[in-house]
């Protein structure tokens, strides 16, 4: 399988603004074009000014210990993963020959998950 590099105009393809409004066009697709058959494009393999969406997740945990009797301790745990339920989008499609070129169609994280635990220490 051959790696296909796109033709580029040399302009910066980075777009700014809320990512929710750019899911179908995360970067400026007009900067890129498909090379002719059996030709490599003039673009580089990696663009230093074009990055995918960042990742940020908040996990929280609460622990509470109770001393039930002299030799018995009880620990209650509550843990929340992705506590604020923020979506983390995947990278855009970077294959210039795909119909979804430049679109983000995936999610990199799971919805909020909460778990509880009870631990007996004796």
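Remarks
- Residue 23 within 30 Å of residue 97 (Cα to Cα) and in contact with a helix residue (DSSP H, G or I) (Cβ under 9 Å, 6 or more places away or on another chain): no
- Residue 35 vs. criteria more than 23 Å from the chain's Cα centre (by Cα) and in a loop (DSSP other than H, G, I, E, B): yes
- Of the residues examined, residue 49 is one that is part of a loop (DSSP other than H, G, I, E, B) and within 30 Å of residue 87 (Cα to Cα).
- Candidate set from region 3-20 (those that are in a loop (DSSP other than H, G, I, E, B) and touching a helix residue (DSSP H, G or I) at 6+ places or on another chain (Cβ under 7 Å)); member that is farthest from residue 91 (Cα to Cα): 9
- Restricting region 64-102 to residues that are closer than 23 Å to residue 7 by Cβ and in contact with a strand residue (DSSP E or B) (Cβ under 8 Å, 6 or more places away or on another chain), the residue that is surrounded by the fewest Cβ atoms within 10 Å (Cβ to Cβ): 101
- Residue in region 44-56 that is within 30 Å of residue 115 (Cβ to Cβ) and in contact with a strand residue (DSSP E or B) (Cβ under 6 Å, 6 or more places away or on another chain) present: yes
- Residue 41 fulfils the conditions (1) surrounded by 13 or more Cβ atoms within 10 Å (Cβ to Cβ); (2) over 15 Å from the mean Cα position of the chain (by Cα); (3) touching a residue at least 40 places away in the same chain (Cβ under 8 Å); (4) under 30 Å from residue 118 (Cβ atoms) except for a single criterion, (4).
- Residues of region 103-121 that are in a loop (DSSP other than H, G, I, E, B) and either closer than 30 Å to residue 67 by Cβ or in contact with a strand residue (DSSP E or B) (Cβ under 6 Å, 6 or more places away or on another chain) (or both): 104 alone.
The numbers here are math on the coordinates, done by the rules we state, and not lab data. Small disclaimer: the values here were computed from a predicted structure and weren't measured. Every residue, glycine as well, gets a Cβ built from its backbone with ideal geometry; the counts of neighbours run over all protein chains shown.
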